[in-house]
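S.K.: Structure provided below as structure tokens; questions to follow.
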Amino acid sequence: MTLDLLFLILLIYTNVLADFVLQPDRWAQDKRNRKFKSKYLYLHVLIAALLTGVASLLFVELNTAAAIFAIIFVSHLMIDSITARYRESASALIIDQGAHLSIILSIWAFLFNPDVSHILSYLTDPTLTHISILLLGYTVVLHPSGIIISRITKRWRDSIYGTTATNEVLSFDGESLENAGKYIGYMERFLILTFILLQQYTAIGFLIAAKSIFRFNASRKTSEYILIGTLLSFSIAILVGFVIVFASDNVGNW
């Protein structure tokens, strides 16, 4: 893998870290409620710009890294301020991340002027490539996937638990487990992705069967909500798994 492609992967990864791993839910909620008045908006943007700027120092000079820091800070602030005006939904999340990705691609293209037709030929270091793909894949199935699922299932969750509920609470007959839904989702997507990479497809069937037991312990609405969330979670993990396998097949064997 050449340095320019590694730089692009690192920029994408720092964006994923800033937007999903290092941004608590209360920060995102405060941004939506208070817009430009939210102190967490500026703290989040600063973290995103710092991560990108520090990562850039590994590839470019200090002046260029400082310019990248400034571009990410201003663009991230503008994008998050605009998307925060819209209701919490999967489409708003996709637009938000698409805008961030377009800025990252523009920076990368300006610095390296890549020839798109030769991108696959850049993948000359299979070990480094696989590590990068795996790291990004596992990060995606944990945090961004959970938020996407939460946005898609929000209307059904609100009809069951109320508008103040989050996907972090799993409730049966008035009892709830704090953060249960979130961590169950993390574990199931982690396991599914691992099973796909190990080609243990039968194990995925057992996991689906085990998760379906929830349907017998809840009301019809709750069981349907869990089933929708489960199928979304499994589908995303399976899709990411096959993307990783496809990408790895283009750069050598595991």
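The values are calculated or read from the model by the stated rules, or taken from the named source; none is laboratory data. Keep in mind the model is a prediction, meaning the values are calculated, not measured. With ideal geometry, Cβ positions are generated from the backbone for all residues, glycine too; neighbour counts draw on all protein chains shown.
S.K.: Counting just the residues of region 145-164 that are surrounded by fewer than 18 Cβ atoms within 10 Å (Cβ to Cβ) and among the small types (Gly, Ala, Ser), which one comes out modelled with the lowest pLDDT?
M.R.: Gly162
S.K.: Hey, another quick one. Go through region 48-65 residue by residue and tally those that are of a type in the set (Val, Ile, Thr) and either in a loop (DSSP other than H, G, I, E, B) or closer than 17 Å to Asp96 by Cα (or both).
M.R.: Total meeting the criteria: 1.
S.K.: Taking region 165-200 on its own, how many of its residues are assigned to a helix (DSSP H, G or I) and either modelled with pLDDT under 85 or closer than 12 Å to Val141 by Cα (or both)?
M.R.: Of the residues in region 165-200, 15 are assigned to a helix (DSSP H, G or I) and either modelled with pLDDT under 85 or closer than 12 Å to Val141 by Cα (or both).
S.K.: Which ones in region 111-131 are modelled with pLDDT under 70 and part of a helix (DSSP H, G or I)?
M.R.: Result: Val116, Ser117, His118, Leu120, Ser121, Tyr122, Pro126, Thr127, Leu128, Thr129.
S.K.: So, one more: Name the residues in region 1-41 that are among the polar types (S, T, N, Q) and either surrounded by 20 or more Cβ atoms within 10 Å (Cβ to Cβ) or not in a helix (DSSP H, G or I) (or both), would you?
M.R.: Selection gives Thr2, Thr14, Asn15, Gln23, Ser38.
S.K.: Do we have any residue at all in region 132-144 that's in a helix (DSSP H, G or I), out of contact with any Phe, Trp or Tyr (no Cβ under 9 Å at 6 or more places or on another chain), hydroxyl-bearing (Ser, Thr, Tyr) and at pLDDT 65 or above?
M.R.: No, because not a single residue in region 132-144 is in a helix (DSSP H, G or I), out of contact with any Phe, Trp or Tyr (no Cβ under 9 Å at 6 or more places or on another chain), hydroxyl-bearing (Ser, Thr, Tyr) and at pLDDT 65 or above.
S.K.: Counting just the residues of region 66-110 that are touching a helix residue (DSSP H, G or I) at 6+ places or on another chain (Cβ under 8 Å) and part of a loop (DSSP other than H, G, I, E, B), which one comes out nearest to Ala18 (Cα to Cα)?
M.R.: Ala84
S.K.: Right, another one. Checking Val251 against (1) loosely packed, with under 15 Cβ neighbours inside 10 Å; (2) among the β-branched types (Val, Ile, Thr); (3) modelled with pLDDT under 75, which test does it fail?
M.R.: All conditions are met except number (1).
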